[in-house]
Structure formats: C-alpha cells, structure tokens
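Taking it in order: structure first as structure tokens, then the write-up.
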Amino acid sequence: MNLHRASGQWRLGLTLTLITAACWATLPIALKLVLQSLDPITLTWFRFLVAALVTGAWLALRGRLGGYRAMHGRGWSMLLVAALMLVGNYVFYLLGVQHTTPANAQLLIQLAPLLMALGGIWVFGERFRAAQWLGLAMLVAGMALFFSDQLAASATSPGYVLGSALVIVGAIVWAIYALLQKQLLVRLGSMQILLFIYVFASLALLPFAHPAQLLRLDGLHWALLAYCALNTIGAYGAFAEALAHWEASRVSAVLATTPLLCIAAATAVHALWPQWLAPERITPLGWAGAGLVVAGSAAVSLLKARTPAKTA
C-alpha cells in the first residue's frame with residue numbers, strides 16, 4: 001500500500017502543531033463555562049454543525065468539493081471508520097467524564113497522542129533515535145508524576161474504574177482516527193476529509209441533541225459557544241495540515257504538552273476572573289513532572305528522526 005510521507009517542512013508542521021495545542025489547551029476552559037447552560041451532547045453537536053457549515057462553504061468557494069469523486073471503496077471505508085472513531089472519541093470521553101473527575105479524564109485522554117506516536121512508528125515506519133526513545137520515556141514519566149496526586153484523590157470516587165475505562169477507550173479510538181486521517185491524505189485534502197467527518201458527526205449526534213437549549217443562552221455563553229465551535233475548525237484544521245508536513249510521532253509528542261498549556265491558560269483566567277475558575281494547585285512533584293514533560297517533548301519532536309531503511 002502507498003503510505004503517506006510527510007512533506008519535510010518541519011517548521012510549518014511544528015507551527016501548526018503548536019496552534020493545535022493552543023486551541024485544545026484553551027478549549028476545556030470555554031467548555032466548562034458553556035456547560036453551565038448546555039448539555040455536553042448538544043454542545044458537541046453544535047460544534048460539529050458549525051464546523052461542517054464553515055468548512056463546506058470554504059471548500060465550495062474554492063471549487064474543491066469534487067474531490068470525493070476520486071474515492072473508491074477502500075477509501076470510503078477508511079473515511080467512514082475515521083469519522084466513527086472521532087465521534088466515538090467524543091462520546092466515550094463525555095461518558096467517562098460523567099463517572100470520573102475532569103482532572104483524571106484530562107490525564108487519561110493524553111494517552112491518545114502517545115498511542116498515535118507508537119502507531120506512527122508501527123504503521124508509517126517512522127523511526128526514533130535512542131535520544132528520542134529516552135525523550136518519550138521522560139514524557140511518560142513526567143505525565144505520571146504531574147498527575148499522581150490527582151489520580152490518588154480520584155481513586156476513591158464512585159465510578160472511578162468505569163469512568164477511567166471509558167476515557168481510555170476514547171483515547172484509543174482517537175489514535176485510530178488520527179492515523180487514518182494521515183493515510184487518507186494520500187487520496188483527499190485535509191479539509192475534504194474533515195468536512196466528511198463534520199457532516200457525519202452532525203447527523204449522528206442530532207438525535208441525541210436538544211437544540212432548543214440554545215435559545216436560553218445569554219450573550220456571554222453564546223460568545224463562549226462560538227469560540228468552542230470555531231476552535232473545532234482551527235484545531236483540527238491545523239492538526240490535519242501538521243500531519244501533512246511532519247511525522248505523526250513528532251506531532252503527537254508536542255500535543256502531549258497540552259495539559260500544561262491548559263493549566264497555564266486556566267491560571268491566567270483565574271487571575272483575571274477568579275469567580276469563573278478555581279486556582280490550580282501544583283506541588284513540587286507536579287512541577288518536576290512538568291519539567292520532564294517539556295524536556296521529553298523537546299527531545300522527541302526536535303531531534304532529527306532516522307530515515308526509514310529503503311527497500312529494494
């Protein structure tokens with residue numbers, strides 16, 4: 001099978017990955033505030049609906065809606081599975097959050113980029129140097145240290161095991177989606193892939209959504225909801241393009257720092273509007289873990305990977 005290869009423009013790939021990380025880091029803050037007035041399924045459905053409308057209009061203006069004609073049976077199957085995996089990620093994550101704490105869910109969902117890194121090595125033949133394997137180990141150890149206190153506190157909560165299992169399933173299906181997204185770039189443009197997924201997700205979630213709730217939102221929550229919807233377009237658009245220019249293993253390593261960026265954003269929001277969010281409390285052990293995450297991510301993403309061996 002003709003596997004997708006990155007373009008080699010690593011600076012562009014790194015920039016797009018950082019944009020993705022920034023979008024995903026600030027999204028939970030906006031979601032937390034919007035959820036005061038909107039249920040999770042309706043919020044997610046609205047995000048996908050807006051993404052589908054905006055992406056569809058953008059592709060139509062550029063005359064790029066016809067790319068689907070070149071798709072064949074195998075390509076359509078991969079596209080459908082990718083859509084199912086991304087919808088599954090949202091659903092399993094939402095169900096997991098209902099049974100466990102947000103902090104624990106945020107930790108466990110970070111398994112997704114790590115699984116994507118290993119998938120990039122296994123599926124696409126991306127190869128690590130010894131220093132990059134060490135960086136990956138540092139990254140994993142740092143995450144474990146940083147969230148150890150939160151995990152210990154959450155372990156006594158009812159439904160902890162069930163909620164954790166659901167979030168882990170969400171992480172697994174997201175990694176499968178990400179790898180399929182990368183391979184589908186051989187057949188379609190990134191925005192065409194995302195348009196299909198957005199439309200599919202909007203239709204799949206509609207029976208479970210309650211659009212009438214939108215009529216009860218005030219101006220602030222509408223603004224936050226709009227940000228959540230536009231965040232979907234920006235984050236996944238940048239993520240898809242990053243995979244076109246950079247190896248999946250490197251993209252995933254940078255995205256693993258998202259929890260740290262999220263904490264920084266939450267700290268800033270608390271400083272400006274303390275009534276909105278509670279302050280973050282980080283122990284010295286947590287800061288040591290943060291340092292390992294940053295160092296490990298840098299080692300994995302910035303060192304030059306070994307070139308896959310050529311076949312005769």
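For the listed peptides 283-292, 56-65, 178-187, a ranking on the average number of other beta carbons within 10 Å per residue, highest first, reads 178-187, 283-292, 56-65. Heavy-atom accessible area for Phe208, with the other protein chains in place and a 1.4 Å probe, reaches approximately 130 Å². Accessible surface for His99 stands near 70 Å², nearest 10, in the context of the full protein assembly shown (1.4 Å probe). In this simple spin-label model, placing a label point 7 Å from the Cα along the Cα-to-Cβ direction at both Ala130 and Gln213 gives a separation of 5.4 nm. At an R0 of 22 angstrom, the distance between the Cβ atoms of Asp39 and Val161 translates into a FRET efficiency of 0.35. The solvent-accessible area of Ile41, taken with every protein chain present and a 1.4 Å probe, is close to 50 Å². With every protein chain in place and a 1.4 angstrom probe, the accessible-area ranking of Asp39, Asp218, largest first, reads Asp218, Asp39. Accessible area per residue (1.4 Å probe, heavy atoms of protein chains only) ranks Leu43, Leu111 as Leu111, Leu43, with the largest value leading.
Surface composition of region 160-303: carbon and sulfur make up 75 percent of the accessible area, probe 1.4 Å. Applying 1/(1 + (r/R0)^6) with R0 = 45 Å to the Cβ-Cβ distance of Leu203 and Trp276 gives a FRET efficiency near 0.85. When Ser190, Ser77 are compared by accessible area at a 1.4 angstrom probe, the order from most to least is Ser77, Ser190.
The values are calculated or read from the model by the stated rules, or taken from the named source; none is laboratory data. On a predicted model such as this, the values are computed, not experimentally measured, just so you know. Glycine also receives a Cβ, built like all others from the backbone with ideal geometry; neighbour counts cover every protein chain displayed. When the accessible area is computed, the model is the full protein with side chains, heavy atoms only, and any ligands, DNA or RNA have been set aside. Shrake-Rupley method; radii C 1.70, N 1.55, O 1.52, S 1.80 Å.
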